[in-house]
Each structure stands twice: as C-alpha cells, then as structure tokens.
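See below for the structure under consideration.
The values are calculated or read from the model by the stated rules, or taken from the named source; none is laboratory data. None of the values given here were measured: they were computed from a predicted structure. Here the Cβ positions follow ideal geometry from the backbone for every residue, glycine too, while neighbour counts run over all protein chains shown.
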Amino acid sequence: MTGRLETSGQPLKAATEFVEGAFMGVQAPFESARFLLLPVPFERTTSYKKGAGNGPAKLIQGSCGIELWDEETRAQTYLAGIHTLKPVPVYPNEQAPTAFPKIEKAVEGWAARKDKTLFSIGGEHSISQALVPPFTRLYPGLSILHFDAHADMRDSFEGSPHNHACAMHPLAKLCPIVQVGIRSVAEEEAHYLNAGNVRTFFAHDHPDIGRLIPEVLDALTGAVYISIDLDGFDPAVIPGVGTPQPGGFSWRDALSLFKAVIEAKHVVGADVMELCPLEDNVISEIAAAKLVYRMMGYLLAKGRAGRNGAR
C-alpha cells in the first residue's frame, strides 16, 4: 500500500485511510462516502463450476492491482469516498429463504441513502432477488438492466425458485427488465422473453454496439438498477465465471453500454455477480474490480458534467 501512496499523485482525502481488505485498498468513513461496496459471499445453487462464494474477497484483493487514477475518466475516483461494508452475516449452509430476508433488510437502509450509490458484489446471481426489491420500493418506475449470458428466467431449477438460474424471474413481477448479451436460454424459460415486463436483446441479433445502445436506452425507464453477471463478457475478457458461454461482450463494448446508460439514466444501484476465481491467473478479479471502479468513475463524471451545466 505504501507504493500506492507514493505514486497516487495527490494526497488522500481527509479521513480516508488505506485499509487491508477494503475495495481499492482505501476506506472512507461511511457518512462521507459517495460509494458503498457490499460483499455478499453467498453461494448455494451454482450448478456447473463452484467458487462464486470466493468472488467478493478475490475482487477486493484484485482491486489493489488497479491504479487509483483512472485513465479514462482522468480522475482519482476514490477521493469521492468509497466505504466497504461488512458482509451481511450468512452462515455456512444457510439457505436463501433465511439469508435473503436479512440481506434485503440491510440493503433497504443503505439504498435509502440517496447521497450514496450501493455496489454489491457476489456471490451467485440469485442474490439479486434480495438486492433489488428495496430499490423498487424507493424508486417507482424503476427498471433493471440485466447484463448476462443467460436469461435467468426459470421459475424454478433443481427444486428451488432461488436458484441462480432463476435470478430474474421474481424480479420481472416487480419491474421492467431489459436483458442484454443473452446467448443461453432453456426451452422452459423462452416464453418469458420479450413478453410482459421482459425485453430481451439476444447477442446474435445485436452484434453492433452502436445500434444496440439506443435501443437499450429506449427500453429502459428513467431510474435504472444495473445487474451484471460477469459471464455476459466474452470468456476471453473474464474467464473466471461459473458458467462461461462463447461470444459475449468485449471489454470496450460493455463499458460503452454502461457509460451510455449511466449518462442517460438515473442509475440508483448495481450488482456484479458470479465471479468464480481461477487458480492459475488473476485477470478475472482484476477486470471485475476495474469494472466496478470505472462505473463509479462514470457516475462521478456525470455529476461533474451536471454541475458544469453540460447536462
């Protein structure tokens, strides 16, 4: 951490400290923090490769391999204040019906702090079933941008409606969902796509990001929650996921999408799920951490533009 202090080019914001186990290695006081980061190491239903429960710790560890100065936004995002929260207590072998209400109750308080933006990191994608409802109550008319390789619209899988393959199904009853990057769908969930509250952009139908972005923006409402399954990326970008699929977004195309949504909409919260660290390389956790930090940077840049009268 000393090296980061020496090379950051700017002194730490008052009362911000370098802390082991905090995102980006910095910990701002809760009250002054612009961003909150919630690790949710819940994994019970992953059905192919296990390891998503280790995702939050590895993502935080990987964040310390990223420069504090962001080369795209040309800012030191951490100076706005990032506070890493303690994980909601989830006990070994605890199941979703008892774990999710605890998560939802905790998130409700943090989501209500509209001076902050909550980023949750997992963990399996079913956790979004507990993360999103508080936001739908706080923001009438909310929609979800669902970035994923999989539709996640089964009503039940392997005997549970809380399976990671069912992550979006109950949420579609609460608010509109706009799915991007989808390239793996089970027959039993196909009839939920492009029906009711669900708008699905299949990857094979939308290879041109320049054309896709305006359609996505048009489908979303004014207030947006972003839910990211990292297998939405091409495996060449982030290979460390539980159920990788060929194809997917490049790094630059995905960031172009998230930047456009953040600039055009009121993004109220986000989650980044399904990081399944590999034993032989660290690129996945570093990329996931840089994604979170870059999205924080986009939110700050939008705020600066607004204050300058650009929007």
Requested in this report: Please specify each residue of the stretch 155-206 satisfying the condition of being more than 25 Å from Leu217 (Cα to Cα) and touching a residue at least 40 places away in the same chain (Cβ under 8 Å).
Outcome: Phe157, Glu158, Ser160, His162, Asn163, His164, Ala165
Query - Enumeration of residues in the stretch 48-65 that are within 22 Å of Ile103 (Cα to Cα) and touching a helix residue (DSSP H, G or I) at 6+ places or on another chain (Cβ under 7 Å) - result: Lys58, Leu59, Ile60
Query raised in the report: Would a scan of the stretch 270-285 turn up a residue that is within 23 Å of Ala203 (Cα to Cα), at pLDDT 95 or above and in a helix (DSSP H, G or I)?
Result: yes
Requested in this report: For the stretch 64-85, state whether one or more residues are in contact with a Ser or Thr (Cβ under 7 Å, 6 or more places away or on another chain), at pLDDT 95 or above and at positive phi.
Outcome: yes
Requested in this report: Output the residues belonging to the stretch 74-129 that are buried (at least 22 other Cβ atoms within 10 Å of the Cβ), of a type in the set (Val, Ile, Thr) and in a helix (DSSP H, G or I).
Outcome: Thr77, Ile103, Val107, Ile127
Requested in this report: Scan the stretch 31-45 residue by residue and report those that are more than 23 Å from Tyr91 (Cβ to Cβ) and in a loop (DSSP other than H, G, I, E, B).
Outcome: Glu31, Ser32, Ala33, Arg34
Report summary line: Sole miss for Ala264 among (1) crowded, with 19+ Cβ neighbours inside 10 Å; (2) small (Gly, Ala, Ser); (3) modelled with pLDDT of 95 or more is condition (1)
Query - Test: residue in the stretch 215-234 that is touching a His at 6+ places or on another chain (Cβ under 8 Å), surrounded by 23 or more Cβ atoms within 10 Å (Cβ to Cβ) and either modelled with pLDDT under 95 or not acidic (Asp, Glu) (or both) - result: yes
Report task. Within the stretch 185-214, track down each residue that is surrounded by fewer than 12 Cβ atoms within 10 Å (Cβ to Cβ) and among the charged types (D, E, K, R). Result -> Glu187, Asp205, Asp208, Arg211
Report summary line: For the stretch 130-154, the count of residues that are within 16 Å of Thr46 (Cα to Cα) and part of a loop (DSSP other than H, G, I, E, B) equals 6
